[in-house]
Amino acid sequence: MFVALDKVFTMENVLYLGKGALISLGMAILSLLIGLVLGVLGASAKRSRFFILRAIGNFYVEIIRGTPMLLQILMLFSVVPSIYTAITGNVLRINVYLIGVIAMSINSGAYSTELIRSGINGVDKGQWEACETLGLSSWQTMKLVILPQAFKLIVPPVISEFITLIKDSSLTSCIGAIELLKASQVLGARYYDAMSPYTLAAIFYLIMTISISYIGKHVEKRLAASD
Amino acid sequence: MIRVEHLQKNFGQLHALKDVSLEVDKGEIVSLIGPSGSGKSTLLRCIHGLEKPDRGNIYMNDELMDPQNKEKYREQRNHMGFVFQHFNLFPHMTVLDNLNLAQTEVLGRSKEEATKKSLELLKRVGLQEKKDAYPNNLSGGQKQRVAIARALCMDPDMMLFDEPTSALDPEMIKEVLEVMKDLGKHGMTMIVVTHEMGFARKVGSRVVFLDHGEIIEDAPSEEFFSNPKSDRAKDFLSKVFYE
């Protein structure tokens, strides 16, 4: 199975995979952060008084959650250059990492929308009423009372969204991003041994995901201090 | 001080309030009593505006409380303090911050002013030493006293209590009632939805008995308990007093 393990397992190759892992991690972090911003907007839209905003919020979430991320990445990869060409007349030399981050951000934003919305809904209704009787405006209530409590509810699912994004960043290998999975495939082709680099890639993924779980648990514990 | 005219409130098919009118004067302590589902909490919540009545008007000091007139309505509501059955303290803030929040955010008091006021009121409810505690480290009775102090920080002219002792362990009921009694002694106008008949009789000045969304009886406390007029009130009292 591991026919060329000794040849694959060199400092140079491990560093090559490590670089791929950093790219995966970087794409996941960026997508998570941009996704959270989109999530705040999406959750606000879904909670809006205005029908049209609610409809846009629902449309966004349903479309993104209802289609595979791979398809979203591929569509963005083919659609963006053609729009660019249609507008400017020039050919776009596309940065696949950028496309990857955009696609993953849009995807993560839909999930974050639901996370944030359910976090806000998870705060006891009595908190809104208490604020109302004290004369706080709805914005003050949201900022000072609801969001700080919703935050605690949101942290655990955001951690698992982060882990999902690290794994899903492997999908960008299909448009040519040399992240961790693609890097391991490159090594596999070079040494005619797929299993050895794949196993190393798996170890890299696990190091990242388990570390994040561990940090996440720690954060949760600290947040629970006032309970 | 507060006047309710022909209030109606439906929850779907349920007629929670059917044409309820009530007037409460300054300094009165009115106990709203009745079987569960009689509409007493709904009436209290409508008075504060937590529920929007389907019909009828509420006047504060002879001025209509109109939700459309936002600024005025907000100001009118700020004259009333509200205490909930389940306290609704802010769990992520210390006791002191719970009391300071609306003072600084709504009344625009400085942090020093607010803290001074808060400590004064915590002392009044006997919880000065708990100022840095988080609500979840307090007993039910302590939580409710903090909630009362929090409402009092806003200098209300009138306090509304929605079953303030119903969620408490029996041994903690008295400490909350004592605080309320003390408030009454200082002339606070109060409307109290309660199942504490002893409180309604001894501390309350007047009893309003509701059943099926209607006011059945409205009488001075002593008179209501010693000589109830309606059959429904008699029936209710015979059920709540175990002899």
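Coordinate-derived values only; no laboratory data. Here the structure is a predicted model, which means the values were calculated and not measured. Positions of Cβ are backbone-derived with ideal geometry, glycine not excepted, and every protein chain shown enters the neighbour counts.
Only Cα pairs under 8 Å and 6+ residues apart enter the sum, and on that basis the relative contact order of chain B stands at 27 percent.
Based on a Kirkwood Rh over C-alpha pairs, give the Stokes-Einstein translational diffusion coefficient of the protein assembly as shown at 4 °C and viscosity 1.567 mPa s in µm²/s.
In µm²/s, the coefficient is 49.
Helix-only arithmetic for the protein assembly as shown: the sum of -39500 (n - 2.57) across DSSP H runs with n ≥ 4, divided by the residue total, places the mean residue ellipticity at 222 nm at -18500 deg cm²/dmol. The phi torsions of the stretch B:93-105, fed into the Karplus equation with coefficients 6.51, -1.76 and 1.60 and a -60° offset, translate into couplings of 10, 5, 4, 4, 5, 4, 7, 6, 3, 6, 4, 7, 7 Hz, rounded to whole numbers, with Gly and Pro shown as x. Each residue in A:12, B:163 was given a count of other beta-carbon atoms within 10 angstrom of its own, and listing them fewest first yields A:12, B:163.
Once the convex hull of the alpha carbons of the stretch A:30-105 is built, what does its volume come to per residue, in cubic angstrom?
102 Å³
Going from the residue with the fewest nearby Cβ atoms within 10 Å to the one with the most, B:110, B:118, A:213 rank B:110, A:213, B:118. 3J(HN,Hα) along the stretch A:162-175, derived from phi through the Karplus expression 6.51 cos²θ - 1.76 cosθ + 1.60 where θ = phi - 60°, amounts to 4, 4, 4, 5, 4, 5, 6, 4, 4, 5, 6, 4, 5, 9 Hz, with x in place of Gly and Pro. Over 27 Å between Cα atoms, which of B:18/B:143; B:26/B:181; A:46/A:125; A:143/B:70 qualify? Beyond 27 Å between Cα atoms: B:18/B:143. Over all pairs of different C-alpha atoms, the stretch B:1-51 has a mean inverse distance whose reciprocal, the Kirkwood radius, equals 11.6 Å.
Give me the percent relative contact order of the stretch B:152-230, please, defined on Cα pairs under 8 angstrom at least 6 residues apart. The value is 25 percent.
Return an integer: the convex hull volume of the alpha-carbon atoms of chain B, in Å³ per residue.
Residue-normalised Cα hull volume stands at 131 Å³.
The mean number of partner chain beta-carbon atoms within 10 angstrom of a residue's beta-carbon across peptide B:96-103 is 2. Using a cut-off of 22 Å between Cα atoms, the listed pairs B:9/B:234; B:116/B:202; B:52/B:72; A:217/B:131 include B:9/B:234; B:116/B:202; A:217/B:131 as exceeding that distance.
Restricting things to Cα coordinates, could you compute the convex hull volume per residue of the stretch B:187-243 in Å³? Working shown, then result.
Numbers: hull volume 5.1 nm³, N = 57.
Per-residue hull volume (Cα only) is 90 Å³.
Computed 3J(HN,Hα) for the stretch A:37-45, one whole-Hz value per residue from the Karplus formula 6.51 cos²θ - 1.76 cosθ + 1.60 where θ = phi - 60°, is 4, 4, x, 4, 4, x, 5, 4, 4, glycine and proline marked x.
Based on Cα contacts under 8 Å between residues 6+ apart, chain A shows a relative contact order of 33 percent.
Summed over all non-identical Cα pairs, the Kirkwood treatment of the stretch A:174-227 gives a radius of 13.2 Å.
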